[in-house]
Amino acid sequence: MSDGSQEIKIVRSDSAGWQKQILDCCNENNLGFTISADQTTPVLKAVLSKPEDNWSDTVAFDGIKEGYQIAQTKYCFGSNNGNY
């Protein structure tokens, strides 16, 4: 972009971003996203169902491990048949 602005490629949010409209916007605009979610029973069930080999160590930009792991899962909002 010639005006010096940067294109958004990834959205990162705390649980305030855990909204269907935000996830729809990310998917419609081909944006990567990571959003922390409240640890409700259905979310915990999805997290705990992930096999050990689905988890990856997090690494900071400087290459140092950050001390926690991440995994990807799918979750449905209410009666939505989408992938979140």
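What the table below lists for this structure:
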quantity: Spin-label model distance (nm) - residue 76 vs residue 55, 7 Å beyond Cα toward Cβ; calculated: 2.7 nm
quantity: Candidate values [x] 1.14; [y] 1.02; [z] 1.10, label of the one derived for Rg/Rh (Cα atoms, Kirkwood Rh); calculated: [y]
quantity: Least to most buried among 59, 47 (fewest other Cβ within 10 Å first); calculated: 59, 47
quantity: Sequence-distant residues sharing a close amide H with residue 33 (under 5 Å, placed H); calculated: 11
quantity: Lys, Arg +1 and Asp, Glu -1 on Cβ, resulting dipole of the chain about Cα centre, debye, nearest 20; calculated: 300 debye
quantity: Over the chain: helical MRE at 222 nm, DSSP H runs n ≥ 4 each giving -39500 (n - 2.57), nearest 500; calculated: -5500 deg cm²/dmol
quantity: Excluding exposed DSSP-loop trypsin sites (Lys or Arg not before Pro) (at most 10 other C-beta within 10 Å), longest clean stretch of the chain; calculated: 10-73
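Every number here is computed from the coordinates shown, using simple stated rules; none is lab data. Keep in mind that what you see is a predicted model, and the values were worked out from it rather than measured. Here Cβ is always computed from backbone atoms with ideal geometry, including for glycine, and neighbour counts include all displayed protein chains.
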